[in-house]
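I have placed the structure first, in the form of structure tokens, so that the comments after it can refer back to it.
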Amino acid sequence: MTNVWMRPEEPARGPRPSFSRAQLTEAAIRVADAEGLKAISMRRVAAEIGSGTMSLYRYVSSKDDLIDLMLDAVAVEYLPDEVSGDWRADLRGLAVRSRQVMLRHPWIAPLTVGRQTAGPNRIRVMEAALRTVDGLGVSIDGMLTMVGTVSAFVSGFVSSELAEIEASRQTGVDLGQWLMRQAPFIESVLKSGDYPLFTRMTKEGARRYVDSEERFFYGLDRVLDGLAARLPD
């Protein structure tokens, strides 16, 4: 199937389109941000821009094309203003921006692993990501592994964050309140004396578990430590 960016935006014949692909993409992103990816359909997006459903097929051939355009449009939000030359700081900054983008657009998270269609902005992001670890004496496969490892950590962490946000939305109970409700049972487990490490975790790590920001940076820095340890001397 032809990449959507390989097809002309305007037909060679017939009337000029009423909207641009960019406008169509922006409308689809608005819908997904507000209602989730399940809300994306050609009919729903057509309603958002005040157009007939069939007219959308002058811009894209399928819903998959539309999602590819959405992902590529959002990809610019990952790009750094500049690369400092400090690989660890630059890769850390990319991870922080990636988390922010995924929390801003929750529909992205399920697509970060499986959907790898190349688009102009996504290629720019990959180029920028690889540039952060260029010059370290690592092969291109090693550079991809470094970038991919950080990306996998961020995707997994944010997916967990979004699941907790959704649970709070559905139940009206945040994580702290939920943990408090578990307190009577947890106390009975602690009193048994059978789970010393669980007891230690409960007493020493409860605040860190609730503090998502602290957990994110703790995990991210450990990932970066591991990558640094594998660099050539």
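The values are calculated or read from the model by the stated rules, or taken from the named source; none is laboratory data. From a predicted model like this one, the values you see are computed outputs, not experimental measurements. Positions of Cβ are generated from backbone atoms using ideal geometry, with glycine treated the same way; all protein chains shown enter the neighbour counts.
Observations on the model:
- Residues that are surrounded by 14 or more Cβ atoms within 10 Å (Cβ to Cβ), under 22 Å from the mean Cα position of the chain (by Cα) and in a helix (DSSP H, G or I) are absent from segment 182-190.
- Unique match (being surrounded by 15 or more Cβ atoms within 10 Å (Cβ to Cβ) and within 25 Å of ILE140 (Cα to Cα)) among LEU37, LEU94: LEU94
- Scan of segment 81-97 for residues that are touching a helix residue (DSSP H, G or I) at 6+ places or on another chain (Cβ under 6 Å) and at pLDDT below 95, ordered by number: VAL83, SER84
- Qualifying positions in segment 55-88 - assigned to a loop (DSSP other than H, G, I, E, B) and out of contact with any Leu (no Cβ under 8 Å at 6 or more places or on another chain): SER61, SER62, LEU79, ASP81, GLU82, VAL83, SER84, GLY85, ASP86
- Within segment 68-90, the set of residues being buried (at least 21 other Cβ atoms within 10 Å of the Cβ) and either of a type in the set (A, V, I, L, M, F, W, C) or more than 18 Å from the chain's Cα centre (by Cα) (or both) comprises LEU69, MET70, LEU71, VAL74, TRP87.
- Segment 124-143, residues that are over 18 Å from GLY226 (Cβ atoms) and more than 16 Å from the chain's Cα centre (by Cα): ARG124, GLU127, ALA128, LEU130, ARG131, ASP134, GLY135, ILE140
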